[in-house]
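The values are calculated or read from the model by the stated rules, or taken from the named source; none is laboratory data. No experiment lies behind these values; they were computed from the predicted model shown. Neighbour counts run over all protein chains shown; Cβ positions are idealised from the backbone, glycine included. Only protein heavy atoms, including side chains, enter the accessible area calculation; ligands, DNA and RNA are left aside. Shrake-Rupley method; radii C 1.70, N 1.55, O 1.52, S 1.80 Å.
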Amino acid sequence: MQVLVVDDDYLVCQSLQTILQAAGIEVVDLAHSGEEAVRLFRSHRPDVLLMDIRMDKMSGIKASQLILAEFASAKILFLTTFQDDEYIIQALELGVK
């Protein structure tokens with residue numbers, strides 16, 4: 001399985017990469033913004049996109065909208081430490097988990 005990890009916190013990204021690789025999952029790349037997520041998804045076409053929901057400039061929600069518009073079968077899993085119902089509802093409406 002190939003995973004693209006996206007989080008604006010560099011330490012979180014690297015920690016997730018370490019955990020996933022220890023579990024035998026291939027991390028194809030790390031991104032730190034919504035813009036990077038879109039660009040790297042196009043480039044790598046990973047099996048799963050593991051993405052932070054809240055990021056500066058372009059949120060994970062907006063990046064997911066752009067990715068899903070181009071790749072309807074993309075599998076996106078959001079990460080967040082916030083319990084913000086608005087973001088959660090938007091994510092579920094997009095079809096992400």
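Side notes on the structure shown:
- Residues being more than 21 Å from Gln2 (Cα to Cα) and modelled with pLDDT of 90 or more - total across the range 40-58: 1
- Qualifying position, being over 14 Å from the mean Cα position of the chain (by Cα), in a helix (DSSP H, G or I), under 22 Å from Met1 (Cβ atoms) and at pLDDT 95 or above, among Gln17, Gln21: Gln21
- Screening Ala72 with (1) modelled with pLDDT of 90 or more; (2) surrounded by 17 or more Cβ atoms within 10 Å (Cβ to Cβ); (3) not in a helix (DSSP H, G or I) gives one miss only, at (2).
- Among the residues of the range 24-55, those identified as assigned to a helix (DSSP H, G or I) and open to solvent by less than 40 Å² (accessible area, probe 1.4 Å) are Gly34, Ala37, Val38, Leu40, Phe41.
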